[in-house]
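The values are calculated or read from the model by the stated rules, or taken from the named source; none is laboratory data. Model, not experiment: these values are computed from the prediction. Positions of Cβ are generated from backbone atoms using ideal geometry, with glycine treated the same way; all protein chains shown enter the neighbour counts.
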Amino acid sequence: MANNLSATPLLAASGVCKSFGGIQAVNNAEIQVTQGSITGLIGPNGAGKTTLFNLLSNFIRPDKGKVVFDGEPIHHLQSHKIAQQGLVRTFQVARALSRLSVLENMLLAAQKQTGEKFWAVQLQPHVVAREEKELRDKAMFLLESVGLAHKAQDYAGGLSGGQRKLLEIGRALMTDPKLILLDEPAAGVNPTLIREICDRIVAWNKDGMTFLIIEHNMDVIMSLCDRVWVLAEGQNLAVGSPEEIQTNSQVLEAYLGTS
């Protein structure tokens, strides 16, 4: 777990609400993520965790509430603008362009490429060529860091579920993010690969990356996280260290079904 944590939250949301028809999915929720931390978000099924992720990244617009990232309000921005500011997310079911290679999937994640501009291709071919080489080198370095370098030329559709999650994290890293929201990185993954994913998250965190993680695997949450937030029925239930959450009677009753 990270040790050198800043006092000012990198991400802070307050009073966030979202309803779908008559169902209040998120009700006046708040969350804070300190720079340099690995923060957990847990709760029973239907607690509103993924909806809150969608609201933080503005894949869904909140009915009300405020989200501040790196000192700037972002709840009014489109999701791709938020990603460009350094807040990126993964999904419960990892998404990949199956008919492209693993390397091509990585390269598509790079932002603001000179080669995307028509006239730059015509007038600055040497700049485009140099940038493309730098991006390929960066992509291969990151594929090495997620353990997929040997799969670089394979179709992404041939990857296992766990490998797709590693690819998705690698793609997120291609954007040079300040914060990554991981939605159930261990779901559907074999125990060996879960340990590998956890080890890599710890290594990236030591290098300065900040994470907010939704996860049902309590061993993963309790071993990785500095601080854990708990949602129940769309509302904040508790927040504290992993040790405090494990002994919190309200959490045990609502999340684990015991008292």
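Considering only residues in the range 25-56 that are of a type in the set (Gly, Ala, Ser) and within 11 Å of ILE214 (Cβ to Cβ), the one that is modelled with the highest pLDDT turns out to be GLY40.
VAL67 fulfils the conditions (1) of a type in the set (Val, Ile, Thr); (2) farther than 21 Å from PRO185 by Cα; (3) not assigned by TED's automatic domain parsing to the domain that holds LEU181 except for a single criterion, (3).
Counting only helices (runs of 4 or more DSSP H) wholly contained in the range 1-113, no element carries 3 or more residues that are over 16 Å from the mean Cα position of the chain (by Cα) and free of Cβ contacts under 8 Å to residues at least 40 places away in the same chain. Note on the range 203-226: residues that are part of a helix (DSSP H, G or I) and either of a type in the set (Lys, Arg) or crowded, with 17+ Cβ neighbours inside 10 Å (or both) amount to 7. Pairing each residue of the range 145-165 that is of a type in the set (D, E, K, R) with any residue that is assigned to a helix (DSSP H, G or I), provided the two are 6+ apart or on different chains, yields C-beta distances under 6 Å for LYS151/VAL102; ASP154/VAL102. In the set LEU108, LEU123, only one residue is modelled with pLDDT under 90, surrounded by fewer than 15 Cβ atoms within 10 Å (Cβ to Cβ), touching a Lys or Arg at 6+ places or on another chain (Cβ under 8 Å) and farther than 17 Å from MET209 by Cβ; that residue is LEU108.
Within the range 189-200, at least one residue is at pLDDT below 90, in a loop (DSSP other than H, G, I, E, B) and closer than 22 Å to SER145 by Cα.
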